1. Could you tell me which of the residues Leu57, Leu94 is part of a helix (DSSP H, G or I), open to solvent by less than 10 Å² (accessible area, probe 1.4 Å) and in contact (Cβ under 8 Å) with a residue 40 or more places away in the chain?
2. Being assigned to a strand (DSSP E or B) and open to solvent by less than 60 Å² (accessible area, probe 1.4 Å) is the filter; apply it to region 164-188 and report the residue that is modelled with the lowest pLDDT.
3. Kindly list the number of the only condition in (1) over 17 Å from the mean Cα position of the chain (by Cα); (2) outside any strand (DSSP E or B) that fails for Gln288.
4. Touching a Ser or Thr at 6+ places or on another chain (Cβ under 8 Å), more than 29 Å from Leu169 (Cα to Cα) and open to solvent by 30 Å² or more (accessible area, probe 1.4 Å), is that true of Pro101?
5. Please specify each residue of region 215-240 satisfying the condition of being in a helix (DSSP H, G or I) and either closer than 19 Å to Val115 by Cα or not polar (S, T, N, Q) (or both).
6. Looking only at region 128-143, decide whether some residue is of a type in the set (Lys, Arg) and closer than 29 Å to His299 by Cβ.
7. Being surrounded by 11 or more Cβ atoms within 10 Å (Cβ to Cβ), among the aromatic types (Phe, Trp, Tyr), within 17 Å of Arg72 (Cβ to Cβ) and at pLDDT 95 or above is true for just one of Trp148, Trp161. Which residue is that?
8. Take region 256-266 and flag every residue that is more than 28 Å from Val170 (Cα to Cα) and either open to solvent by less than 20 Å² (accessible area, probe 1.4 Å) or out of contact with any Pro (no Cβ under 8 Å at 6 or more places or on another chain) (or both).
Amino acid sequence: MEQLGTLDDLPQEYVQSLKDLNLVPLWPSLRSVLPPEIPIPRTVATYWSYQQIRPLLLQAGELTPIEKAERRVLVLANPGHGLENMRASSSIYLGMQLLLPGEQAPSHRHTPNAVRMIVEGEGAYTTVDGQKCPMERGDLILTPTGLWHEHGHDGTVPVVWLDVLDLPLVYYMEASYVNGGYPQQVKSVLSDAVYAPGIVPTTLFTRNNSEFPLLRYRWKDARKALETLAQTEPDRSSVQISYVNPETGQDCLKILGFSALMLRPNETLRLPLRSCAAVFHLIDGNIQARIGQHTFQLHDADTCCAPCFAEIDLINCNKDAPSFVFIADETPLQTKLGVYSTRERT
């Protein structure tokens, strides 16, 4: 492509005249907003060690009572976007949240969609739209846009989970806000128990029409599905499941996508080049993540992220046991916008 003109090519008086009228010449910036072949991401490959985060999170519990925090979170920020912008990628926010025994995080609802991937502890719960969802390690709990939700803890040990939100996108659209509420009345507990493959609830032959019929995806179910898939289809190129709406088969939320991946013992998985950024969180095991020129060693509850079109290899360092990875990415958003694509690696 030909070299385009720059601002320095223009008379200063002309540039100032444009500024006075809130005008900007496109051609000096055209290649930065429309680069050839692939985007120029600000997201950079980044790694967060849970063993380093955990003591700082527990210290936050000592320094700041829940009443002064509302949500006690340490944000996993990507330096490529600037730490002050609190984003892991252009559309993904990550945070490690702590709830101590006896604490209550008050009810609220907000426009960003959120999920909680439970990292450690037991005895806590999230109540979403009147449904009480117990929190167990590896569970995925949804708090979709506009639904009231609150957290409580009846147990005896700290509970930590990874928050994943589409906050950066919603904030960019100037659509991000929160409403405070009152404690919810619990209407049901574990309604996910009525869902199984090919089975959904009905009332006198009428299908339920809930936009979010399943709010808690239990890890014991997801892990069993992965292990069964690996056993019954040993020749599969990858052992992966997606978290979907059981009524529609579509992604469980509208903007970000979520899946779980099982790496078989000693397996190396070479991922395709994809147009979306992705987050990898190790639920259980020991893996090496090679992202472009970076290599990260992930242990339990460690997290890393990769920019768009990055070359990614995931290697299970366990020779006799599987490793399990939770993945969040921007596929649903990009698919709806018609910009999602994959490319073969050379």
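1. Values: Leu94 fails: part of a helix (DSSP H, G or I).
The conditions single out Leu57.
2. Looking only at region 164-188, we keep the residues that are assigned to a strand (DSSP E or B), and these are 164-165, 178-180, 188.
Narrowing further to those that are open to solvent by less than 60 Å² (accessible area, probe 1.4 Å): 164-165, 179, 188.
On the way: Val164: 98, Leu165: 98, Asn179: 97, Ser188: 75.
Ranking the candidates gives Ser188 first.
3. Condition not satisfied by Gln288: (2).
4. Working: touching a Ser or Thr at 6+ places or on another chain (Cβ under 8 Å): yes; more than 29 Å from Leu169 (Cα to Cα): yes; open to solvent by 30 Å² or more (accessible area, probe 1.4 Å): yes.
So Pro101 passes the test.
5. The answer is Trp219, Lys220, Asp221, Ala222, Arg223, Lys224, Ala225, Leu226, Glu227, Leu229, Ala230.
6. At the first step, the residues of region 128-143 found to be of a type in the set (Lys, Arg) are 132, 137.
Cutting the leftovers down to closer than 29 Å to His299 by Cβ gives us 137.
Among the residues of region 128-143, at least one is of a type in the set (Lys, Arg) and closer than 29 Å to His299 by Cβ, which makes the answer yes.
7. Values: Trp148 fails: within 17 Å of Arg72 (Cβ to Cβ).
Matching residue, one of Trp148, Trp161: Trp161.
8. Restricting attention to region 256-266, the residues satisfying the condition of being more than 28 Å from Val170 (Cα to Cα) are 262-266.
The answer is Met262, Leu263, Asn266.
The values are calculated or read from the model by the stated rules, or taken from the named source; none is laboratory data. Not measured: the values here are computed from a predicted model. With ideal geometry, Cβ positions are generated from the backbone for all residues, glycine too; neighbour counts draw on all protein chains shown. Accessible surface is based on the protein model in full, side chains and every heavy atom, while ligands, DNA and RNA are left aside. Shrake-Rupley method; radii C 1.70, N 1.55, O 1.52, S 1.80 Å.
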